[in-house]
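Each remark here refers to the structure printed beneath this line.
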Amino acid sequence: MSLHHSIKTGLISLFLIAGLQELQASEPSLASKSLINESLASNSSDFNQPDFNQPASSQPVSDNTSQTIYILHQANDIPLSTFVQRWPSLKKCIANIMPAESISESCIDKLLSTPAQGGALNLKSQIKRNKGLNQQALALISRAIKIEPEQHLHHFQLAINHYQQLRKATSGKQKWMLSMQTAKAYKRAFELDQTQFHYRYYIAYNYLLTPDAMGGSKQKALTLADNAIAQGYFAFHPVRADILNAMNDKQKALASYIDALETGQYKRSSFKKALLLAKNNPQLVQRINQFIQQAEAIIRDQI
């Protein structure tokens with residue numbers, strides 16, 4: 001191996017570690033919850049969660065005394081309700097069983113010769129992946145993609161599998177290959193369904209955190225965020241702010257963090273950056289700290 005290749009691989013590893021921390025490690029893996037009441041603000045029965053995927057007009061309105069706060073995070077599973085929505089035949093296996101690990105694989109296997117075959121393979125892949133059996137999971141979801149190549153949920157399952165392996169990888173070469181595979185799967189899922197928050201979210205941060213020489217592009221990341229916001233997806237305000245901050249446009253970045261604050265879109269690592277940008281404005285710092293405290297209280301209630 002050449003010295004140039006070794007250095008490049010080492011740099012790739014450093015950027016991937018930073019990217020992993022930004023995408024998931026610092027963010028709570030929770031659904032959104034309203035401060036107005038104790039129920040989930042998002043529709044937990046649908047993968048198309050309102051806080052992530054619906055236009056601005058459908059967002060709850062905040063006032064001076066109460067605010068609906070949405071906790072943003074990268075999804076690491078497909079909800080069981082989504083499997084039933086996409087493949088109704090799976091309901092007989094899923095029913096009201098929780099957790100997912102309790103689902104009978106023999107019940108799923110009976111559907112492998114039915115029109116719900118693709119969904120059954122996807123669900124079985126998710127179960128295997130959550131047991132740490134990534135190679136078995138990968139083989140199953142690869143079969144599902146061959147059967148239903150245009151089904152975005154299959155490519156999403158593939159992306160989650162690669163990403164899970166990426167987090168466990170130890171060598172720079174492994175991390176680079178798995179990063180490329182993860183991004184490729186997310187991009188394909190996004191091509192098939194551009195309404196999904198999680199697909200656009202991952203791709204935007206992937207462009208942001210990857211060096212330009214290795215395929216990254218802050219401008220492409222910004223375009224993804226801008227287009228989402230133009231369509232009314234409030235969840236991309238903190239994403240846009242992070243991108244502008246990385247582009248050293250501090251004034252616009254702070255304005256976007258304020259937009260995120262006013263629309264109740266909370267991303268922990270983003271608001272740490274917002275505090276730094278607002279340090280010369282005591283009133284804004286107080287407002288941001290209050291928002292952070294409210295959001296973190298929601299997170300604690302859900303743990």
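Give, as residue ranges, the helices (runs of 4 or more DSSP H) completely inside region 115-205 that count at least 3 residues that are at positive phi. So that I can check it myself, show each step before the final result.
On the way: elements: 117-130, 134-147, 152-168, 172-192.
Qualifying helices (runs of 4 or more DSSP H): none found.
What are the residues in region 218-265 that are free of Cβ contacts under 8 Å to residues at least 12 places away in the same chain and of a type in the set (D, E, K, R), if any?
Those that are free of Cβ contacts under 8 Å to residues at least 12 places away in the same chain and of a type in the set (D, E, K, R): ASP249, LYS252.
Every residue, every condition in (1) aromatic (Phe, Trp, Tyr); (2) within 22 Å of HIS73 (Cβ to Cβ), yes or no:
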{"site": "SER171", "(1), (2)": "no, no"}
{"site": "TRP176", "(1), (2)": "yes, no"}
{"site": "LYS187", "(1), (2)": "no, yes"}
{"site": "TYR201", "(1), (2)": "yes, yes"}
{"site": "ASP212", "(1), (2)": "no, no"}
{"site": "SER217", "(1), (2)": "no, no"}
{"site": "PHE234", "(1), (2)": "yes, yes"}
{"site": "LEU244", "(1), (2)": "no, yes"}
{"site": "LYS250", "(1), (2)": "no, no"}
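Quick test of your reading of the structure: VAL285 fulfils all but one of (1) over 19 Å from HIS198 (Cα atoms); (2) of a type in the set (A, V, I, L, M, F, W, C); (3) touching a Gly at 6+ places or on another chain (Cβ under 9 Å). Name the failing condition by number.
Only one criterion in (1) over 19 Å from HIS198 (Cα atoms); (2) of a type in the set (A, V, I, L, M, F, W, C); (3) touching a Gly at 6+ places or on another chain (Cβ under 9 Å) is unmet by VAL285, namely (3).
Within region 109-164, which residues are among the polar types (S, T, N, Q) and under 21 Å from GLN74 (Cβ atoms)?
Quick first cut of region 109-164, residues among the polar types (S, T, N, Q) only: 113-114, 117, 122, 125-126, 130, 134-136, 142, 151, 157, 161, 164.
Selection gives ASN122, SER125, GLN126, ASN130, ASN134, GLN151, GLN157, ASN161, GLN164.
Go through region 70-95 and give me each residue that's of a type in the set (Ser, Thr, Tyr) and touching a Gly at 6+ places or on another chain (Cβ under 8 Å).
To start, the set of residues in region 70-95 that are of a type in the set (Ser, Thr, Tyr) comprises 70, 81-82, 89.
Passing the criteria: TYR70, SER89.
Filter region 233-265 down to the residues that are surrounded by 14 or more Cβ atoms within 10 Å (Cβ to Cβ) and outside any helix (DSSP H, G or I) and list them by number.
Residues satisfying the conditions are TYR233, PHE234, ALA235, MET247, ASP249, THR263, GLY264, GLN265.
Every number in this text was worked out from the coordinates using simple rules, so none of it is lab data. Nothing here was measured: the structure is a model prediction, and the numbers come from that model. No Cβ is skipped: glycine too gets one built from the backbone with ideal geometry, and neighbour counts run over all protein chains shown.
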